Amino acid sequence: MSWYARRENWSAKADDARDAGDIDYARIIHSASFRRLQGKTQILNLGDSDFYRTRLTHSLEVAQICGSLNKQLKTHQSEHPAAAYLPDRALIQAIGCTHDLGHPPFGHGGEVALHYCMREHGGFEGNGQTLRILSRLETFSKSAGANLTRRTLLGVLKYPVALSKAAHPVRKPALMKGPTTIDIIDCRASKPPKGYLDSEADVVGWVLELLSDDDRARFQALDIKPDSHHATRHKSLDCSLMDVADDIAYGVHDLEDAIALTLVSESAFRRAVPESACTSFLDALKARYPHESGNNVYEGMVSALFGGSGSRKHYVNRLVGHFITHARFAEDDAFAEPLLRYRVELPDGPARFLKALKGFVFDEVIRSPSVQHLEFKGQAMVVAVFEALQSDPKRLLPRDQYTRYAAASDD
């Protein structure tokens, strides 16, 4: 009974010097599901390029930021009681590498399409599929998937409630209503709740086995929403650290791609991310480099981001460093378990700045017609592949996958 236990008995060879986190990290890096991320673009597919990010490079960046955040907190907040419970570098990087494993191609459009396809079978959600891949579908063990440690799976468990409990009772996946010659998925109605797949209830039960009844109930509490799916409230320490790293990579690195690929304009950036949203970063620059930009630090930042690739990369590095160095611990003393009692967050100023950057990328890039066209076409592709495989799995599935499919129960 340990946070470093595995669901299937396994022990390292006597001459294996690795820690539990090293082993989990190795299993993720060498997994087929991790390699598959190279075929999923982070923003949109613009053809061959050595610049823009894929889900694979994004995941590697998230893992690296996880490691830096972990080191920063251990070094500069070592007196905080939470510092003693931070994971080792390999384990937190393993969690960072896993965070997108279950997300299908074509962004949230692909996720919506699969949730619609699975509407009669419990639904689909990308984070829930990540847990399923790691705990069942990978082949490092007989029946426990990658057979990762309990602590790693707790860090992966971003939404610790089953889809059936998080789902709003009225909102069901559906097609758009009205006259049409083609079937169009209603994206609003078909947006999945956030949670783990009900088929993984036994895995989650095992992960949470060390918690007291009170901690488990509180950890799995929901905020009930009248008009949308219900929302979970809590994440573990490791998961919160990974979440901050993911937000940094999304807000900063996706911004870098969007600017470099001329998907956004300087004027739109100024409107969405005004000087008032950047005060924590600008004040830090003034203090560290008092003679660099004079009193026009905001203008210097915008000029650098929308200038050449060298100045842009310089400021991207500064942005990432700003968020990493301002991360801090928060505490919820209602939890007895330290891995739930403590979490990692950004203070108000950096959090407001990062939110503005993420909002700009979402509104100007993700919601742009060019990306939405790709998502729309991608949804049709996902549904077509799903229905083709469902119609004749023996003919179309790879033989090893069909063997597993034929032997599987409904779970």
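The values are calculated or read from the model by the stated rules, or taken from the named source; none is laboratory data. What you see is a predicted model, and the numbers here were worked out from it, not measured in a lab. Here Cβ is always computed from backbone atoms with ideal geometry, including for glycine, and neighbour counts include all displayed protein chains. Heads up: the accessible areas ignore ligands, DNA and RNA and are worked out on the full protein's heavy atoms, side chains in. Shrake-Rupley method; radii C 1.70, N 1.55, O 1.52, S 1.80 Å.
Observations on the model:
- Cross-link partners of K377 among lysines, defined as those whose alpha carbon lies under 25 angstrom from its own and excluding same-chain residues fewer than eight positions apart: K40, K172, K177, K191, K194, K358.
- Alpha-carbon radius of gyration plus Dmax, which is the widest Cα pair, for the stretch 149-253 in Å: 16.8, 55
- Percentage relative contact order, the stretch 64-188, counting C-alpha pairs under 8 Å, at least six apart: 19 percent
- The stretch 127-172 and the stretch 341-371 have their alpha-carbon centroids 25 Å apart.
- For the chain, the solvent-accessible area with a 1.4 angstrom probe is 49 square angstrom per residue.
- Multiplying each eigenvalue of the alpha-carbon gyration tensor of the stretch 215-257 by 5 and taking the square root yields semi-axes of 27, 16, 4 Å, largest first, rounded to whole angstroms.
- Spin-label pair H373-A407: with each label point 7 Å from Cα along the Cα-Cβ axis, the two points sit 4.6 nm from one another.
- Segment D19..H291, full-extension length gain: 93.2 nm, with 0.36 nm per residue of separation and the alpha-carbon distance subtracted.
- Our Cα-only numbers for the stretch 51-94 put the radius of gyration and Dmax at 12.6, 41 Å.
- Exposed loop sites here are GluC sites (Glu not before Pro) assigned a DSSP state other than H, G, I, E or B and surrounded by at most 14 other beta carbons within 10 Å; excluding them, the longest clear run of the chain is 293-411.
- Adding -39500 (n - 2.57) for every DSSP H run of four residues or longer, then dividing by how many residues the chain holds, sets the calculated 222 nm ellipticity at -14500 deg cm²/dmol.
- Hydrophobic long helices, here whole DSSP H runs in the chain with Kyte-Doolittle means of at least -1.0 and Cα atoms spread over 18 Å or more along the helix axis, are found at 55-76, 309-326, 348-361, 369-391.
- The distance from the alpha carbon centre of the stretch 74-125 to that of the stretch 190-246 is 12 Å, rounded to a whole number.
- Within the accessible area of the stretch 127-278 (1.4 Å probe), percent carbon and sulfur: 52 percent
- Excluding same-chain neighbours fewer than eight residues apart, the aspartates and glutamates reachable from K313 by a Cα-Cα span under 19 Å are D50, E61, D246, D247, D254, E256, D257, E266, E292, E299.
- Shape of the stretch 323-411, Cα gyration tensor, a/c cut at 1.5: oblate
- Binning the C-alpha pair distances of the chain at 10 Å intervals from 0 yields a P(r) profile of 4, 20, 30, 27, 14, 4, 0 %, listed from the shortest bin outward.
- Rel. contact order, % - alpha carbon contacts under 8 angstrom, at least six apart, the stretch 197-284: 11 percent
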